[in-house]
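Written out below as structure tokens is the structure these notes cover.
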Amino acid sequence: MTRSQLEQLFSTESAQLEKLNEMVRRSVEEEKLLTEKLKEFEDQHPGLQSRVADKVASFGGSWRFIISFAIFMLAWILLNIFLLTRPFDPYPFILLNLLLSTIAALQAPIIMMSQNRKEEKDRQRAISDYMINLKAEIEVRNLHSKLDLLITEQMQTLFEIQKTQIDMMDDMKDLLMKIKKVDD
């Protein structure tokens, strides 16, 4: 009788632990699903215009561009002042100014397009991070609830085991008292 009760208590506890493990497994799978869904929103293959804008912005905002453009301007000026007898762009270098203005006028919107695209990507990442953080917070709360439930169930099981042990000890005490009376 008491042994079967103990076995029943242990099997109940084992079933509760298995249920908790299944809940944790499901939570982990849901987290994987969430991150996979969020990756779908990211622009994996940007269009040609976006790639060109990114390349122009990357080159236009680099030291390589600044140095190469400084060398180009210096060569333009030296060529027109010292090397050519009939310069194609004499001082004050109006053609060079026109070229610089045209490059600036074209480069600025392209860089802004690239920055806007990156800003949108950052916004999407922030939304994704928020969603993942929110999911993590919910999971932490769920785990706290599950742990509280598990602790409560284990405490009940321990109290039942303790009650069974006390009953067994009372039975043993009664049996010892009977044996003692028989011996007297």
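General observations
- Residue check for Met172: in contact with a Ser or Thr (Cβ under 8 Å, 6 or more places away or on another chain), within 30 Å of Ser14 (Cβ to Cβ) and aliphatic (A, V, I, L, M): no
- Residue in the stretch 134-157 that is without any contact (Cβ under 8 Å) to a residue 40 or more places away in the chain and among the acidic types (Asp, Glu) present: yes
- Options Ile138, Ile132: the member that is of a type in the set (Val, Ile, Thr), open to solvent by 70 Å² or more (accessible area, probe 1.4 Å) and over 27 Å from Glu7 (Cβ atoms): Ile138
- The sole residue among Glu120, Glu160 that is in contact (Cβ under 8 Å) with a residue 24 or more places away in the chain and open to solvent by 70 Å² or more (accessible area, probe 1.4 Å) is Glu160.
- Residue in the stretch 8-22 that is surrounded by 14 or more Cβ atoms within 10 Å (Cβ to Cβ), modelled with pLDDT under 70 and either of a type in the set (A, V, I, L, M, F, W, C) or not in a helix (DSSP H, G or I) (or both) present: yes
- The lone exception for Ala70 - which of (1) outside any helix (DSSP H, G or I); (2) open to solvent by less than 60 Å² (accessible area, probe 1.4 Å); (3) at pLDDT 90 or above it fails: (1)
- In the stretch 75-105, residue most open to solvent (accessible area, probe 1.4 Å) [restricted to those that are out of contact with any helix residue (DSSP H, G or I) (no Cβ under 9 Å at 6 or more places or on another chain) and within 25 Å of Lys55 (Cβ to Cβ)]: Leu98
The values are calculated or read from the model by the stated rules, or taken from the named source; none is laboratory data. Because the structure is a prediction, the values reported are computed rather than measured. All Cβ positions, glycine included, derive from the backbone under ideal geometry; neighbour counts span all protein chains shown. Just so you know, the surface numbers come from the protein's heavy atoms only, side chains and all, with ligands and any DNA or RNA stripped out. Shrake-Rupley method; radii C 1.70, N 1.55, O 1.52, S 1.80 Å.
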